[in-house]
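Colleague: First, the structure itself, so that you have it in front of you.
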Amino acid sequence: MKVIAIGDTHDAPDVDKQRFRWFGKYIRKVKPDAVVQIGDFITLDSCTHYIPDDTYSARIEKPTFIKEMDSFDDACYEFNYGLGNYQVKKYITLGNHERRLWRYEDKNPSFYNMGQREYFGICKKYEWNVIPWGKYLMLGGVGFIHAPINPMGKEYGGETSEKNVANKSKIDIVFGHSHRAQDVRIPKISNIKNDFTRILNLGCALPHNHIEKYARHSLTGWTYQICEIDIWDNHIQEVKNISMESLKDEFATNKKKRKQY
């Protein structure tokens with residue numbers, strides 16, 4: 001089966017929406033069996049606990065929740081516009097940024113379910129199937145998740161996280177979260193001929209060279225792309241990386257050619 005996997009998009013009111021139309025157009029072109037957005041589709045700064053609501057910083061930096069939902073709706077509209085009449089199964093595996101909504105509602109019980117109703121309403125409107133945080137979406141024997149969870153109940157992280165996941169896992173896994181693309185294949189000792197586990201980190205699908213505010217003073221090295229994945233024999237067999245700049249060159253309106261060096 002063929003899957004188009006889209007990494008962390010981090011939609012927000014002030015981040016460009018054109019890329020979502022490019023995703024849809026590319027999907028219509030290659031006609032996959034399924035599309036997976038790996039989570040952190042939206043940033044949800046309105047719900048973050050890192051900037052307390054009763055501060056001046058919140059007043060300047062935090063958008064309203066409704067404004068973020070309007071932005072999410074616009075992004076989904078652009079995606080469907082690019083998709084045209086091509087029908088394909090679409091999935092979101094919830095990320096830690098979507099999880100902000102659940103945490104916010106838990107701390108403000110009088111508002112419980114109000115935000116979720118808005119969020120799931122938009123997902124339903126545009127026919128996105130939502131996979132809960134921490135759960136795997138299984139397609140062709142391969143697991144899709146925003147971030148694999150370690151024995152301590154936290155997301156795997158660090159420079160060797162993909163290798164650590166590969167050593168622990170019995171299945172191939174596709175995930176995101178770190179924004180840095182990695183493709184790790186680890187051979188396994190077993191009675192199966194050519195046994196291995198392959199772990200694919202998608203990078204992110206933000207506009208090329210866009211850095212989120214929280215990471216502007218840290219080491220980044222992010223990868224900006226989406227991935228076309230071919231799966232058979234319960235393994236990731238072929239991966240094609242399509243950069244955000246390539247999508248822009250092919251699908252953007254009033255596009256300008258990049259300089260060739």
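The values are calculated or read from the model by the stated rules, or taken from the named source; none is laboratory data. Since we're looking at a predicted model, the values are computed, not measured. In case anyone asks, the SASA skips ligands and DNA or RNA and just uses the protein heavy atoms, side chains included. Shrake-Rupley method; radii C 1.70, N 1.55, O 1.52, S 1.80 Å.
Colleague: Ignoring ligands, DNA and RNA, please state the percent of accessible area on the range 21-99 from carbon and sulfur, probe 1.4 Å.
Modeller: On the way: 1730 of 3630 Å².
C and S fraction of accessible area: 48 percent.
Colleague: Jot down the per residue volume, in cubic angstrom and as a whole number, of the convex hull over the alpha-carbon atoms of the range 109-261.
Modeller: 200
Colleague: With springs connecting C-alpha atoms under 10 Å apart, model the chain as a Gaussian network and identify which of ASN194, ASN113, ASN209 has the largest mean-square fluctuation.
Modeller: Greatest mean-square fluctuation among the candidates belongs to ASN194.
Colleague: Tally up the carbon and sulfur contribution to the accessible surface of the range 131-171 as a whole percent, 1.4 Å probe, everything protein left in place.
Modeller: Within the range 131-171, the accessible surface is 54 percent carbon and sulfur.
Colleague: Compute a Gaussian network model of the chain, connecting alpha carbons closer than 10 Å, and tell me which residue from LYS135, LYS170, LYS90 fluctuates the most.
Modeller: Most flexible of the set in this elastic network: LYS170.
Colleague: Let me ask you something else. Could you work out Rg/(2.2 N^0.38 Å) for the chain, with Rg from alpha carbons only?
Modeller: Scaled against compact globular proteins, the figure is 1.01.
Colleague: Can you check what the Kirkwood hydrodynamic radius comes to for the range 36-142, Cα pairs only, in Å to one decimal?
Modeller: That comes to 15.0 Å for the range 36-142.
Colleague: What does the accessible area per residue of the chain come to in Å², with a 1.4 Å probe and no ligands, DNA or RNA counted?
Modeller: Value returned for the chain: 54 Å² of accessible area per residue.
Colleague: Turning to a different aspect of this structure: Number of Lys-Lys pairs in the range 1-78 under 29 Å by Cα, sequence gap 8 or more or different chains?
Modeller: 10
Colleague: Pick out which of GLY158, GLY39, GLY115 has the largest mean-square fluctuation in a Gaussian network model of the chain, springs linking Cα atoms closer than 10 Å.
Modeller: Of GLY158, GLY39, GLY115, the most mobile in the Gaussian network model is GLY158.
Colleague: Further question on the same structure: Can you sort ARG21, ARG216, ARG103 by 1.4 Å-probe accessible area, starting with the largest?
Modeller: ARG216, ARG103, ARG21
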